[in-house]
Amino acid sequence: MFLALGMAALLMGCNSADNVIKNTIDQEEVMAKLSLEDKAHFVIGTGMAGFSGDDAVIGATKSLVPGAAGTTYPLDSLGIPAVVLADGPAGLRIDATREGDSATYYCTHFPIGTLLASTWNTKLVEEVGQAIGEEVKEYGADVLLAPAVNIMRNPLCGRNFEYYSEDPVVAGKTAAAYIKGVQKNDVGTSIKHFAANNQETNRMNTDAHISQRALREIYLKGFEIAIKESKPWTVMTSYNYINGVYASESKDLVTTILRDEWGYEGTVMTDWFGGKDGAKQMWAGNDMLQPGKDEQFDSIVAGVKSGKLAESDLDLCVKRTLNLVEKSPRFQGYQYSNKPDLKAHAAVTRQSAAEGMVLMKNSPQVLPFGENIKKVALYGCTSYDFIAGGTGSGNVNHAYVVSLLDGLKNGGYTVSDEIKTAYEKYIADAKAAQQKALEEMAKKDKQAAMLANFMPGTLPAEKQFTAEELAAQANVADVAIITIGRISGEFLDRKVADFNLNDSEMKLIQQVCEVYHKAGKQVVVLLNIGGVIETASWKELPDAILCAWQAGQEGGNSVVDVLSGKQSPSGKFTMTWPVKFNDAYSSKNFPIDEDPKIDMMNQGQKGNKKNVDYTDYEEDIYVGYRYFDSFEVPVSYPFGYGLSYTTFEYSDAKIAQKNDIYDITVTVKNTGKFEGKEVVELYISAPDNKAANKPAKELKAYAKTKLLKPGENETLTLSITAPELASFDEAASAWVVAEGEHQFLIGASSQDIKATLTANVKSFQTQANNVLKPNVELNLLKR
């Protein structure tokens, strides 16, 4: 029932599952009260009426929860409140301060998605999600606009820092864990961006030309896994076209695949200003349009009146949005505190960040630091100005960020004051120059200046030292650390120059390594980055390399926990690191160093420029390691790679089959001197992989050991079902499992296979709908 009938009627009874009062909506009665115009308003957000012009562009609400991205449309007379939607995924993004309010509303900045996935620890990811969900609920938001599950198709995609992997199994399993954790708090998530949001350049109007097979096996599979396993409250459609149709206007995508094939029962919403034709979006099954525009309202009303849009289709969207409102804490009357446990969550982010860092090199065994290491010479601008995460909607208004400098001090290390002072002045001067440039921009174009402040910035060139200065510094230091940083963010794809080290970075690494090695001292390079960079040309120079990613607000402490040995690194890469950027096959079809064509309110039109207005996914299914391993292209670091302070032995690998389930067991023993965890990866090689144009191997499952003491072992079981062995056959429009002997490859990475098992598998197929066909002929890569 609704509030107009009285509060007593609204409280409809007790939910036996959790023994709490459950408010419900009588949909039939509500629908009977709604006019066509009411329905059209309800399925678009609060729109321009709820935002100022500037705030609509960057996403902020001035009421309810200031700084949240938006709200649903309230129907006050019927007791239907506005539901608050807030950005993620590295934490809740709301305003930290409020006008006329002395309190603060800081949120915990958790590690970026790439780091979380690099833990390969779904239990840990779920714990992070649960902590984030508590902040969402206690700050009065209802739905977190996260996680982001798109595939890392190319190293330069601007939003890779939010994404999990080049592999759909890792992406899907990680997302499922995150969603489960957040939704334990009875708040919602919005899995995004459905689908194929793999470039930021012209993201509002670019058309992704993808084969049906690649869509099914690569770009949709992660969503399918996460949605089936975790049931997110909402799905957010992407900005781009897929094979000629806007994702939010595609009935094939939103209804046929998502709802009919996968059985999804939740609410679907657009990304902010996504799509153009409101009536088409309703027809497609895109239930809610955010933040809502006048022309979308007009399109829906006119569509129903003209018969272009059946009112029954609109009614379905209204009902599914009502379902979302009904579940929300706001409708359930939850009294949020505005006081989440930020101290406890800081501990969660610190520990999770350390587990996702990847030890890339440690020869000789520099790390962890021994008792003799106390004085640290700290180089690199980012050492003193640590990057917690990406910019844009993935940013978090945090209370603090622990720099590497602070982390080292907290860990009991001494940092050279001379070097510190030189860097602090150098960085301050660089920031002052950037601020002055921004102020000059604002005088000419206020909107451009605001966008520039919201988007990824640039780092200064690295400070250089003379050989004499370095020699004097090396004389008093026990070890040198060089931090190489990269800013990540929405709206812009990275440039090739951002993938490669610049001259100042290369010179700094070369000179520090040369001088310190002459002095008998060792050098550690730390990567404070959001995505893959070039490493092949310089990785032989330092003694150790640690990829710390962007580790959230406790980043400096997390790094030192690893450097000191307080926590042993157990992260592994969820993407391949190519030798050169052009080695990635997708680099042939990616907008390299193009104008980003930022169009915040989606007013532009589709053009015909290759890799800007359309992109041909000619690599087809050969994304990441599927390409590098199948075509034997050398890499700098393979998919699944990561070192430990200890060593592991794999033994007693077995396979057992029962009906359509394959259980693979393997025993992992810690054979080294330090405690550690190991990730075990299970790949499948089909009997017809080359003849049938399939990858040499594909990840199907993974597991992680507990923390093993030296000499301790653990037996892991990895289970997969026969349907998970299927490939998509476009001719048959079906998922098909090839008959014959399949290889089950147990590996420490995609290129470090520890054991090979075999099993005979019977053929079968599962029919699918013949939809989302490419609208152009594609020259697809084949083995």
Proximal aspartates and glutamates relative to LYS709, as straight alpha-carbon distance under 17 Å, when same-chain residues fewer than 8 apart are discounted: GLU355, GLU649, GLU675, GLU678
Under 29 Å from the Cα of LYS308 - lysines, other chains or at least 8 residues apart: LYS33, LYS39, LYS192, LYS251, LYS276, LYS280, LYS293, LYS319, LYS606, LYS773
Solvent accessible area, Å² - SER248, 1.4 Å probe, full protein context: 0
Beta bridges by DSSP in the chain, antiparallel share as percent, to the nearest 5: 60
10 Å-binned pair-distance histogram of the stretch 557-681 (Cα, whole percent): 10, 23, 25, 23, 14, 6, 0
FRET efficiency, GLU28 to ALA437 (Cβ-Cβ, R0 56 Å, nearest 0.05): 0.40
Inter-label distance for ASN500 and ARG783, nm, one decimal - labels placed 7 Å from Cα along Cα-to-Cβ: 3.3
Reach of LYS580 by Cα under 16 Å, taken over lysines that are not fewer than 8 positions away in the same chain: LYS495, LYS539, LYS588
Distance histogram for the stretch 478-607 (every C-alpha pair counted, 10 angstrom bins, percent rounded to whole numbers): 10, 34, 32, 16, 6, 2, 0
Rounded FRET efficiency, nearest 0.05, which uses the C-beta distance separating TRP262 from ARG213 and R0 of 22 Å: 0.80
Solvent-accessible area, 1.4 Å probe, carbon plus sulfur percent, for the stretch 110-205: 39
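Among DSSP beta bridges lying fully in the stretch 482-625, give the percent that are antiparallel, nearest 5.
0
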For GLU675, solvent-accessible area (1.4 Å; no DNA, RNA or ligand), Å²: 80
Solvent-free Debye scattering, log10 I(q)/I(0), computed from the Cα coordinates of the stretch 87-143 at q = 0.14, 0.19, 0.22 Å⁻¹: -0.42, -0.69, -0.86
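Please arrange TYR627, TYR163 by accessible surface area, largest first, computed with a 1.4 Å probe and ligands excluded.
TYR627, TYR163
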Cβ charges +1 (Lys, Arg) and -1 (Asp, Glu), total dipole of the stretch 171-314, debye: 400
Computed over the chain: relative contact order in percent, which uses C-alpha pairs under 8 Å that are six or more apart: 14
Simple Cβ-charge dipole of the stretch 547-625, Lys/Arg +1 and Asp/Glu -1, about Cα centre, in debye nearest 20: 160
Pair PHE764, VAL476: separation of 7 Å Cα→Cβ label points (nm): 7.2
The stretch 699-747 and the stretch 358-434: distance between their alpha carbon centers, rounded to Å: 40
Residue-averaged [θ]222 nm for the chain, counting only DSSP H segments that reach four residues, each worth -39500 (n - 2.57): -8500 deg cm²/dmol
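Accessible area, 1.4 Å probe, largest first: how do ASP752, ASP429 sort? Please report the intermediate quantities before stating the final value.
Numbers: ASP752 60, ASP429 85 Å².
Result, largest first: ASP429, ASP752.
May I ask you to compute the full-extension gain from GLN605 to SER77, defined as 0.36 nm times their residue separation minus their alpha-carbon distance, rounded to one decimal in nm?
Details: separation 528, 0.36 × 528 = 190.08 nm, distance 3.92 nm.
Taking GLN605 through SER77 to full extension adds about 186.2 nm, to one decimal.
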For the chain, convex hull of alpha carbons as volume per residue, Å³: 163
Point-charge dipole on Cβ atoms (K/R +1, D/E -1) for the chain, about Cα centre, debye to 20: 820
Accessible surface of GLU418 - all protein chains present, 1.4 Å probe, nearest 10 Å²: 120
Whole-number D in µm² s⁻¹ for the stretch 313-448, Kirkwood Cα-pair radius fed into Stokes-Einstein, 37 °C, 0.692 mPa s: 161
Cross-link table LYS137/LYS431; LYS339/LYS425; LYS409/LYS521; LYS518/LYS754; LYS184/LYS566, entries beyond 28 Å C-alpha to C-alpha: LYS137/LYS431; LYS339/LYS425; LYS518/LYS754; LYS184/LYS566
Stretch gain in nm, segment THR715-LYS231, where the contour uses 0.36 nm per residue and the Cα spacing is subtracted: 171.2 nm
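Please compute the length gained on full extension between GLN464 and ARG98, using 0.36 nm multiplied by the number of residues separating them and subtracting their Cα-Cα distance. Mind showing how you got there, number by number?
On the way: separation 366, 0.36 × 366 = 131.76 nm, distance 4.21 nm.
Between GLN464 and ARG98, full extension yields 127.6 nm more.
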Dipole of the chain, positive end: most advanced residue of LEU699, SER733, VAL325 [Cβ charges, Cα centre]: LEU699
Accessible area of the chain divided out per residue, in Å², using a probe of 1.4 angstrom: 36
Rounded to 10°, Cα long-axis angle of helix 503-518 versus longest principal axis of the chain: 30
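The values are calculated or read from the model by the stated rules, or taken from the named source; none is laboratory data. As the structure is a prediction and not an experimental result, all values here were calculated from the model. So basically every Cβ, Gly included, is an ideal-geometry build from the backbone, and we count neighbours across all protein chains shown. Just so you know, the surface numbers come from the protein's heavy atoms only, side chains and all, with ligands and any DNA or RNA stripped out. Shrake-Rupley method; radii C 1.70, N 1.55, O 1.52, S 1.80 Å.
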